[in-house]
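*Asks:* Below is a structure I'd like to ask you about.
Throughout, read-outs are computed from the coordinates displayed, never taken from laboratory work. Just so it is clear, the structure is predicted and the values come from calculations on it, not from any experiment. Positions of Cβ are backbone-derived with ideal geometry, glycine not excepted, and every protein chain shown enters the neighbour counts.
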Amino acid sequence: MPPPPGRREQRKAETRQAISDVATRLIIERGFEAVSMSEIADAAGVSRKTVFNYFASKEQLVFDRDDEARQLLREGMAARTSMTPLAAFQGLVRELLDTGHPLLRINAGAASFWKTVAQSTVLVAHARQLQALLTDDLAQLMAASARRPADDAEARLGASMLMASMVAAYEQGLRAMSFGGDPRQAMLPLIVRGAKGTLVALAGTPYTDPSARP
């Protein structure tokens, strides 16, 4: 008999994660361009077709948490609709930092991962594409919260500033760890400064001022 739907989905998720883990290990060891999809399939003990059933490209094998990051942003903002969009984003970031969520956690594995990314123009481009998608998502979530059009320019400005500050903070955390410092403590000042800059840029708007909300 086939496994029940819940178990079937769990097995698919486990297979997907196992393939991604093997791919990431090989790519960190040898470099993105030096590893083929066939080699990844062989190392994972599955067929090449199976790999493509889960991942449309080799880039997606490396950045296997793209969808999770976008979903996390949507759910985190939706859970804080009583706050201004800026406060909601700050609350989400603080929660991820305090709980040590993998998407913001900085350790030796993360450092090796991002070093590999930096050595590949293809992976750098994919990382920037993800940043752009997250920025678009955040801008639309902010606009919806403020009951403004999805393409509102002020929402776009705020989202761009906040996401850029997060990228800068994460890079600073990686740099701090390489010198034996505390990544979290290195990240916090830039995150706070980014939020303060956004507060100034969007002063008097519903994105930062509850009294301005319709």
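*Asks:* Angle check, please: helix 5-30 long axis (alpha carbons) against the longest principal axis of the chain (alpha carbons), in degrees 0 to 90, nearest 10.
*Replies:* 80
*Asks:* So, one more: Give, as a single signed number, the net charge of other residues whose beta carbon lies under 12 Å from the beta carbon of M161, with Lys and Arg counted +1 and Asp and Glu -1.
*Replies:* Charge balance near M161 sits at +2.
*Asks:* Hey, another quick one. Write down, largest first, the equivalent ellipsoid semi-axes of region 40-81 in whole Å, where each equals the square root of 5 times an eigenvalue of the alpha-carbon gyration tensor. Working shown, then result.
*Replies:* Working: eigenvalues 194, 13, 11 Å².
Computed over region 40-81, the values are 31, 8, 8 Å.
*Asks:* May I ask for the angle, rounded to the nearest 10°, between helix 108-118 and the longest principal axis of the chain, with both axes built from Cα atoms and the value confined to 0 to 90°?
*Replies:* Helix 108-118 sits at roughly 90 degrees to that axis.
*Asks:* Across all directions of projection, what mean area in square nanometres is found for the Cα convex hull of the chain?
*Replies:* If I average the Cα hull's projected area over directions, I get 14.1 nm².
*Asks:* Something else now. In degrees from 0 to 90, rounded to the nearest 10, what is the angle of the helix 183-201 Cα long axis to the longest principal axis of the chain?
*Replies:* Approximately 40 degrees, to the nearest ten.
*Asks:* Quick one: divide the alpha-carbon radius of gyration of region 5-58 by 2.2 N^0.38 Å and tell me what you get.
*Replies:* It is 1.14.
*Asks:* A follow-up question, please. May I have the count of lysine pairs in the chain with C-alpha atoms under 23 Å apart, counting pairs 8 or more residues apart or located on different chains?
*Replies:* On the way: K12/K49; K12/K58; K49/K58; K58/K115.
Final tally of qualifying lysine pairs is 4.
*Asks:* OK, next. Quickly estimate the mean residue ellipticity at 222 nm for the chain, helices only: each DSSP H run with n ≥ 4 gives -39500 (n - 2.57), and the total goes over all residues, rounded to 500.
*Replies:* Value at 222 nm, helices only, nearest 500: -24000 deg cm²/dmol.
*Asks:* For region 1-112, what is the Kirkwood hydrodynamic radius in Å, using each pair of distinct C-alpha atoms?
*Replies:* Here the Kirkwood hydrodynamic radius works out to 16.3 Å.
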